[in-house]
Amino acid sequence: MIRQLSIIQTVFSILLMALMLNIQTASAQNTTPSLKETFKDDFFIGTAINAQQIQEKDSVVDNIIKQQFNAVTPENCMKAEIIEPSWNNFNFDLTDKLVAFASNNNIKVNAHNLIWHSQLPAFMYHMQSADSVKQYFEHHITTVASRYDGKVYSWDVVNEALNEDGTLRNSIFLQKLGDNYIVDAFRLAQKASPHSKLYYNDYNIEQPAKRAGAIALIKKIQTAGVRIDGVGIQGHWRYDNVPMLDIEKSIKEFSALGIEVMFTELDLGVLKNPWDNNTADVSATSKADSTMNPYKNGLPDSVAQKQAKAYADLFALFLKYKNVVSRITFWGVNDGESWLNGWPIPGRTNYPLLFDRNFQPKPAFYSVIATKQ
Ligand code: 9MR
């Protein structure tokens, strides 16, 4: 009897603790300012959203997404190898869910992406003839873009087509289709999806040589009479190495082309990469190395404060150009989910975003909000 009573007591206290924790999280969320509200007159505030989040598996993150963001970019589910895993076999389930989730919650979808050299389906690697690549290219763009025409706000039509020196990346598309393939991709997207915006998206295009390449590319699309509505600067930078001057020059030069400027994959990581530069090339990986993982037990406050300052400086700049900057999207909701925990070195503990691993707002969150006060 005594044993039964103590089991009941234990179960009761566990339930009570769980309830308290829920109440605490809920009340913290109610008093937390909202990014999308704070910047509602300035630009959209977005986040990348993963498969779990699209399926609304976890109510805590679900509430944060609805409370904080008015734009989402699917982190992976619209990439070619996932949405068309084998020839003419499309898997639209997750994207359909994403579109419904966004529409129910008044959130804009930036569809990522139609043409990218990376994460291609296996069957593409066996293609030899230019004709089959052309057939894939036209069919993939037309099928995906027409299905979601007007249901997604915008498309990253082409992703990461440039080298660091501004020349075109030697992708299968360049090799087989020639250097007009990007204009062709936009032309096909324009036809298939007349009611959604069309963007070019890349990393490091704030850097002078690559920026010049991007400007030439955009001009080429415009000169061909094809629609391009904006350019996405990804924004994978390190907190102590944010290229502020180049970012400002880029906003000016890109917007002078008459298009929107967006920061589409923003994260300010705190860990060095082996090359000590800013890159987001997914193929540039390195092996596990525990000496390169200094903050596995927590982010020192001094670093969190410096990161907060870097984010504040960036948002002050974005606000200065709010007439041409249309969206800021973070690459993930919280630190624990960021791709930077696994890249370029696997198994590290990085802290690049505004919410910590327990979904609590970090100093960087409050410093971003404070840029409006
Ligand atoms: O965050 C994405 C990660 O989960 C994927 O494994 C990876 C490869 O598909 O892509 C990451 O997202 C990339 C984005 O699609 C394009 N720019 C660079 C991003 C970070 O690698």
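Taking the Cα centre of segment 75-176 as origin and charging only Cβ (+1 Lys, Arg; -1 Asp, Glu), how large is the dipole, in debye to the nearest 20?
200 debye
Given the protein chains as shown and a 1.4 Å probe, how many square angstrom of Phe69 are accessible, to the nearest 10?
We get 0 Å² for Phe69.
Let's see if you can work this out: charge +1 on each Lys and Arg Cβ, -1 on each Asp and Glu Cβ, no other charges. What is the dipole magnitude of the chain about its Cα centre, in debye to the nearest 20?
Here the chain has a charge dipole of around 420 debye.
Compute the Cα gyration tensor for segment 100-258, then decide on rounded, prolate or oblate, letting a ≥ b ≥ c be the square roots of its eigenvalues: rounded whenever a/c is under 1.5, prolate when a/b is larger than b/c in the other cases, and oblate in all that remain.
oblate
Quick one: accessible area per residue over the chain, 1.4 Å probe, rounded to a whole number of Å²?
45 Å²
I want to check the label-to-label distance for Asn91 and Asn293. Put each point 7 Å from Cα in the C-beta direction and report it in nm to one decimal.
If labels sit at Asn91 and Asn293, their model points lie 2.8 nm apart.
Explain nothing, just the number: dipole magnitude of segment 153-251 about its Cα centre with +1 on each Lys and Arg Cβ and -1 on each Asp and Glu Cβ, in debye rounded to the nearest 20.
Roughly 420 debye for segment 153-251.
With a cut-off of 8 Å between alpha carbons and a minimum separation of six or more residues, what is the relative contact order of the chain in percent?
Relative contact order comes out at 15 percent.
Taking Cα pairs under 8 Å and at least six residues apart, what relative contact order does segment 72-188 come out at, in percent?
It rounds to 29 percent for segment 72-188.
Need the list of lysines near Lys134 for cross-linking: C-alpha distance under 19 angstrom, and skip anything on the same chain fewer than eight residues off.
Lys134 reaches Lys79, Lys176, Lys191.
Applying a 10 Å radius around every beta-carbon, put 241-249, 212-220 in order of their mean neighbour count, most first.
The most tightly packed comes first, giving 212-220, 241-249.
Between His126 and Thr142, what is 0.36 nm times their sequence separation minus the Cα-Cα distance? Round to one decimal in nm.
Full extension from His126 to Thr142 adds 3.6 nm.
Would you list Lys210, Lys372 from the most to the least accessible area, probe 1.4 Å? All intermediate terms of the calculation are to be shown ahead of the outcome.
On the way: Lys210 0, Lys372 85 Å².
Highest to lowest solvent-accessible surface, that is Lys372, Lys210.
For Leu245 and Glu37, calculate 0.36 nm times their separation in residues minus their Cα-Cα distance, and state this gained length in nm to one decimal.
Working: separation 208, 0.36 × 208 = 74.88 nm, distance 2.80 nm.
This chain segment gains 72.1 nm when fully extended.
Identify, among Leu319, Gln55, Phe123, the residue whose Cα sits farthest towards the positive end of the charge dipole of the chain, taking +1 on the Cβ of Lys and Arg and -1 on the Cβ of Asp and Glu, with the dipole about the Cα centre.
Checked the options; the winner is Leu319.
For the pairs Lys296/Lys362; Lys66/Lys372; Lys210/Lys252; Lys40/Lys372, flag any whose C-alpha to C-alpha distance is greater than 19 Å.
With Cα atoms farther than 19 Å apart: Lys66/Lys372.
Given an 8 Å cut-off on Cα distances and at least 6 residues of separation, report the relative contact order of segment 195-306 as a percent.
28 percent
How much length is gained on full extension from Arg227 to Ala370, taking 0.36 nm per residue of separation minus their Cα-Cα distance?
Here the segment from Arg227 to Ala370 would lengthen by 47.8 nm.
What is the distance, in nm, between label points placed 7 Å from the Cα along the Cα-to-Cβ direction at Asp149 and at Thr285?
3.9 nm
The values are calculated or read from the model by the stated rules, or taken from the named source; none is laboratory data. Keep in mind the model is a prediction, meaning the values are calculated, not measured. In this analysis, Cβ positions are derived from the backbone assuming ideal geometry, glycine residues included, and neighbour counts consider all displayed protein chains. Surface areas here come from the heavy atoms of the whole protein model, side chains and all, with no ligands, DNA or RNA. Shrake-Rupley method; radii C 1.70, N 1.55, O 1.52, S 1.80 Å.
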